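One structure below.
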Amino acid sequence: MERGNGPLFFLIYTMGNHMPWNVRWRLERTPEGWQDTGQALEVDEYLRRQEMSVRDYASLLKFLKANFPTERFLIVRFGDHQPTFARYFLDPSASAAELASALERYDVRYFTTYYAIDVVNFEPAEVPSEFDRIEAPHLPLVVLELVGIPLDASFAEQKKILLRCHGMFYRCNDGAEARRFNRLLIDAGLIKGL
């Protein structure tokens, strides 16, 4: 693969720690000394796979540092949703109807997850638009700012939304900001076929 002199971006999905957690997956990868916590199978399996991910990620960082000592890396890790069993911890007494209502009104307890930024041989640019919480559509914008790439018109507009809505996108003004932004992208020919 040739990458030229510019930055190279990858989006890689890792699914080893994803559901279903009601089966033991790749037991040979369980670190020695792992013991179940005594929770339900899906909770223990979720935790076991998280442990595998922690080890694998540490190995990746070590590999990058050892094999690419002059290359710069910015890595963004993020979760896309809470585990399905989280509902039992968040509101154990909730009925199916109450859970459906919470999801319908976008109760942040059920949708909040994480993102983490790591670097190898790299000092990220100062990012003035940091918030405690951001919605996932803003992650590409955050990455562009961290690596110091000038924003094109669409990302400059999205940054205005990020700042105006304090990190929110879909939930800002009952979705009006997301609809307006998507309409701008469609009208500019950046989104086609809808």
Checklist entry - If you go through segment 171-193 one residue at a time, do you hit one that is exposed (fewer than 15 other Cβ atoms within 10 Å of the Cβ) and of a type in the set (Val, Ile, Thr)? => result yes
Next on the checklist: Anything in segment 144-161 that is under 26 Å from residue 120 (Cβ atoms) and among the hydrophobic types (A, V, I, L, M, F, W, C)? List them, or say none.
Outcome noted: 144, 146, 147, 149, 151, 155
Checklist entry - For segment 153-194, how many residues meet the condition of being more than 19 Å from the chain's Cα centre (by Cα) and either among the acidic types (Asp, Glu) or modelled with pLDDT under 90 (or both)? => result 9
Checklist outcome for this item: Here, helices (runs of 4 or more DSSP H) confined to segment 7-105 with at least 1 residues that are in contact with a helix residue (DSSP H, G or I) (Cβ under 8 Å, 6 or more places away or on another chain), within 26 Å of residue 134 (Cα to Cα) and touching a residue at least 12 places away in the same chain (Cβ under 8 Å) are 86-90, 96-104
Checklist entry - Within segment 106-118, how many residues are touching a residue at least 12 places away in the same chain (Cβ under 8 Å), assigned to a loop (DSSP other than H, G, I, E, B) and over 30 Å from residue 68 (Cβ atoms)? => result 2
Checklist outcome for this item: Scanning segment 119-177 for residues that are closer than 28 Å to residue 73 by Cβ, aliphatic (A, V, I, L, M) and part of a loop (DSSP other than H, G, I, E, B) gives 125, 127, 134, 149, 151
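The values are calculated or read from the model by the stated rules, or taken from the named source; none is laboratory data. Nothing here was measured: the structure is a model prediction, and the numbers come from that model. In this analysis, Cβ positions are derived from the backbone assuming ideal geometry, glycine residues included, and neighbour counts consider all displayed protein chains.
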